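J.: Structure incoming, see below.
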Amino acid sequence: MIYLLIFLSGLSSLIYEIAWIRQASFVFGSSALAMSTVLAVFFLGLGAGSWLFGRIGSITPKPLLWCAGIELLLALNGLSTQALFDWTDSLYGEFYRHFDTHSTALLLMRAGLVCLLLIPPTLLMGGTLPLFCRQLIRDPAAISAKLSIVYGVNTLGAAMGCAATGFIFLPTLGLAMSLQVAAGLNLLVGLGFWLLNRRLPPCPTEEELATETSVTANTKQVPFLLAGSLFFMIGAAALANELIWARFLTNFIRNSVYTYTLTLVVVLIGTALGSLSINNWLSTTRKPQQLLITFSGLQALSATLILLLTHLPASAWQALEPWGMLPFILLMTPSALIAGASFPLVNQLVSHSSQQAAKQVGRMTSINILGCIVGSLLTGYVLLPQFGLEASIFITTAWTIIAAWIGILAINESKLSAWAGVCSAVAVWLLMLTFSPVRIPHDYMKPEDKLLSFAEGYNSNLAVVLRDNIKTLLIDRLWQGVEVSNYQVMVAHIPMIHNPDAKKVLVIGLGAGNTASRFLRYDIDHLHIVDIEPRLFEFTRQHFPSKWMDDPRVNLIAEDGRNYVKNTDQHYDFISVEIGQLDRPGVSVFYTREFYQQAHSKLNDNGMICQFVPLSFLRPAEFASVLKTFLSTFPNAQLWYNTDELLLIGFKGDIRQLSPEGFSKVTENPAIGADFDINYWGGSLYNLSSFPVFMGSFLASGAELGTLSGIAPASLYTDDKLQLSYSVSDFKKTDRRASDLVPQLQQHLSPIAAAVIPGSTADRALQTATNVRNFNIADITASDVLWTYAAKDDNAERRAQRASEALKINPRNIDAQNLLQRALVELEPRPQE
């Protein structure tokens, strides 16, 4: 029964960790700095708890009673977590409004509040393992054998808790209920420990163990400093490698809401299995120090294996993309297994007696966790952003090899095979450094893309490629913008045509700057641009048109956009939300009721907000839910066409209607009018500079928009569940989601007249706009046919078929006409010579 309780204790701890990380992102933001602070404090609490309760465990005769008390206190903390985070959120917001977003004072305040929230419960969590050891370890010669079971079972519970929370609890129960589940488990486990404490006799005291043999003759003691250094380095390497591998996998695996959970689950399962699997060996061997030497050699070899795996041909890793967890398992399991096995071994070598096992385990665990903190911070803030991914892989591999060398050095009995392993690792490391067969990330780019520049950001990878002879910005391999004017500029112009007198504008998401720069063509006083990636501003300045960034009206803010909107004391006439692909982690928080309420509170009277609605990611239920959630805060709203990336425009006051005169007054400004000399699909005849053509982008408002929000069972998206992030995580480029929504759009269109001032527009112009709108909507399907379903082995015949099918849907599509013409030329029989 006690091992079941140990398992459940680990399970509840990881429910808390995953839930706290999610909850902390709403309070402090999800930037790398904020999340690193949260994780560092989490580990700091665990380490301090291990050290403190290791000392308590060495003297208490009733460790299970302490465990029961810890679980009860954790349950109380879990039930009060929401109130504690709400209080912290309010306090942090007050400080946020009085300091610069990157001031030292605000950083210290954030760290202090995180400590206030997380140190008490994590201190308690860190104390459980030493107390378990005090209860279960009685034979000084079997410390590592018993510890391998305790640590393995507890870590396996943690892995199951991580998986259950990330894959089941958060998506289905939500954040609040997940915390209640964890609190319920704490109460159950606490009751179990209390009952066991009543049944079991007290642990032997120091006097009762006075005759105990310190350690067996075959188990040599090693200097604590040497063993501690080894444990510190193993912890640092483990966390550093987690971050590096996660970043490496983004080269060929699309990052999603599940990525962090997958990474942590694989590492925890590997660690647990490593600890459990060594138990049989420890039970039979007379020289566990020889096993440590062997494992140190294997640690060096596993590091070398990782180095070789990360430098396999890019095609090998790209071929594994459809295999789900397999890439994670290949990269992370070997070193996790060895790290898990090393934990009980090292503790055996520094422990003097069974009574002191709790104290030694607490000390060694705290040292290991300190290494985790240092490794994660150094990797996140120094290695990856300053040296890049490839250099970071070599540095952490070298670090791991050094740790293996220390492990062998810790035992004076040399073992030739272990030294051979380390020497082989060094040789391979030097060889790969000199003759690396793969360039990271260059060789992971699409063959048709020419890499022009690359930078490791704090939150993401930034790249500029030449695609179809156009300079293109990629963030984590995903398209974010181009150097030339395209439909993205209309994300600024469509709302500003409604409110050309806006003076203060907020843009969330910089991209290549195509949209943000267009606001400066209007008579605004302030343009604030917020982006979570600090390096993107300079990267964009270097590679894309950027003179506009020097405009004194521009303020570039490196911050989590959601956190900024919630806490800033600034108010705006217009907020533009441009955060890219919906399946990216952290994007769905901009589609919840809470975000819209926060944005509404930061709009001036008669202010406006504009939100992307990318149809290619959305099924009918998700599309309806996006509309329903938006309308719950902005009932006065319009839906506009802008390719398949529709625009939702919300008005804090009444909807602003348009007129030909007002349109002409704005577009007669040459800088603005030039941007309207573009078209979506039909050539210059359908340029947006024509008012009827422009109005053909209006889709719905009022009752029709409300009806669209009910085309399928719709949810109200909230911070508690973040439903959208989970439902779109299975997105594939070949999905027909945009096309599937076209019939629903066609059935629920508002009259064009609903968007214009009554009497301002001739009936003929309204009819022209209606005809253009029909083509616009049809072209969503035509574009899907034309580009989405292009096969890798595309040929002239297939291109001709796709173009012909697209032209049946939208006969005016210029791209389809050109593609068909080129394909037919290729298919023409060539005259024989």
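J.: Tell me, Ser25, Ser664 in order of fewest to most beta-carbon neighbours within 10 Å?
T.: On the way: Ser25 20, Ser664 12.
By the 10 Å Cβ count, ascending: Ser664, Ser25.
J.: Say the cut-off is 32 Å between C-alpha atoms; which of Lys450/Lys628; Lys602/Lys628; Lys446/Lys547; Lys503/Lys628; Lys547/Lys732; Lys602/Lys733 go over it?
T.: Cα-Cα > 32 Å for Lys450/Lys628; Lys547/Lys732; Lys602/Lys733; rest within.
J.: Also: List the lysines whose Cα sits under 19 Å from the Cα of Lys62, skipping any in the same chain fewer than 8 residues away.
T.: Candidates past the 8-residue exclusion: Lys146, Lys359.
J.: Within 10 Å of each residue's Cβ, count the other Cβ atoms and sort Asp730, Asp675, Asp443 from fewest upward.
T.: Asp730, Asp443, Asp675
J.: Extension gain Leu91-Met1, at 0.36 nm per residue separation less the Cα-Cα distance, in nm?
T.: Separation in residues times 0.36 nm, less the Cα-Cα distance, equals 28.1 nm.
J.: If we restrict to alpha carbons, what Rg and Dmax does the chain come to, in Å?
T.: Rg and Dmax of the chain, Cα atoms, are 30.3, 106 Å.
J.: Working only with C-alpha atoms, what are the Rg and Dmax values of the range 218-444, expressed in angstrom?
T.: According to the Cα coordinates of the range 218-444, Rg and Dmax are 17.6, 55 Å.
J.: Mind running the shape call on the range 1-202? Use the C-alpha gyration tensor, a ≥ b ≥ c as the square roots of the eigenvalues: rounded below 1.5 for a/c, prolate if a/b tops b/c, oblate otherwise. Walk me through the intermediate numbers first.
T.: Numbers: a/c = 2.25, a/b = 1.81, b/c = 1.24.
Prolate shape, in that a/c is at least 1.5 and a/b is the bigger ratio.
J.: Sequence gap at least 6, Cα distance under 8 Å: using those rules, report the relative contact order of the chain to the nearest whole percent.
T.: 12
J.: Give the cross-link partners of Lys652 among the aspartates and glutamates, using a straight C-alpha distance below 17 Å as the criterion and excluding same-chain residues fewer than 8 apart.
T.: The qualifying aspartates and glutamates are Asp501, Asp573, Glu594, Asp605.
J.: Based on the alpha carbons, how large is the Rg to Rh ratio for the range 483-784 when Rh follows Kirkwood? Can you show the working numbers first?
T.: Details: Rg = 18.1 Å, Rh = 19.4 Å.
With Rg and the Kirkwood Rh in hand, the quotient comes to 0.93.
J.: Within 10 Å of each candidate Cβ there may be at most 14 other Cβ atoms; applying that plus a DSSP loop requirement, which chymotrypsin sites (Phe, Trp or Tyr not before Pro) in the range 99-196 survive?
T.: Here the sparse-neighbourhood loop sites are Phe99.
J.: Given Cα pairs under 8 Å that are at least 6 residues apart, what percent is the relative contact order of the range 440-491?
T.: Dividing the mean separation by the residue count of the range 440-491 yields 22 percent.
J.: Based on DSSP H runs of at least 4 residues, each adding -39500 (n - 2.57), what is the mean residue ellipticity at 222 nm of the chain after dividing by all its residues, to the nearest 500 deg cm²/dmol?
T.: Value at 222 nm, helices only: -19000 deg cm²/dmol.
J.: Still on this model: If you stretched the chain out fully between Arg822 and His571, how much longer would it get, using 0.36 nm times the residue separation minus the C-alpha to C-alpha distance?
T.: 85.1 nm is the gain from fully extending Arg822 to His571.
J.: Only Cα pairs under 8 Å and at least 6 apart count here; give the relative contact order of the range 430-578 as a rounded whole percent.
T.: The value is 20 percent.
J.: Give me the number: length gained by fully extending Asp763 to Lys808, i.e. 0.36 nm times residue separation minus the C-alpha to C-alpha distance, one decimal in nm.
T.: Between Asp763 and Lys808, full extension yields an extra 13.4 nm.
J.: Once you put a point 7 Å from the Cα of Thr707 and another 7 Å from the Cα of Leu430, both along the Cβ direction, what distance in nm separates them?
T.: 7.7
J.: Given bins 10 angstrom wide, list per bin the percent of all Cα-Cα distances in the range 634-729, short to long.
T.: Pairs per bin, as whole percents: 13, 34, 31, 17, 5.
J.: Follow-up. Could you tell me how many degrees, from 0 to 90 and to the nearest 10, lie between the Cα long axis of helix 259-284 and the main elongation axis, the longest principal axis, of the Cα atoms of the chain?
T.: 20
J.: Still on this structure, please answer the following. If you line up the long axis of helix 32-59 against the longest principal axis of the chain, both from Cα atoms, how many degrees apart are they, to the nearest 10?
T.: 20
J.: Rounding to the nearest 10 and keeping the result within 0 to 90°, find how far the Cα-based axis of helix 224-249 lies from the longest principal axis of the chain.
T.: The helix 224-249 is inclined about 20 degrees to the chain.
J.: Quick one: Cys372, Cys67, fewest Cβ neighbours within 10 Å first, how do they rank?
T.: Cys372, Cys67
Any read-out appearing in this document is the output of simple, stated calculations on the displayed coordinates, not a laboratory observation. Source: prediction; values computed, not measured. We place every Cβ from the backbone using ideal geometry, glycine too, and count neighbours over all the protein chains shown.
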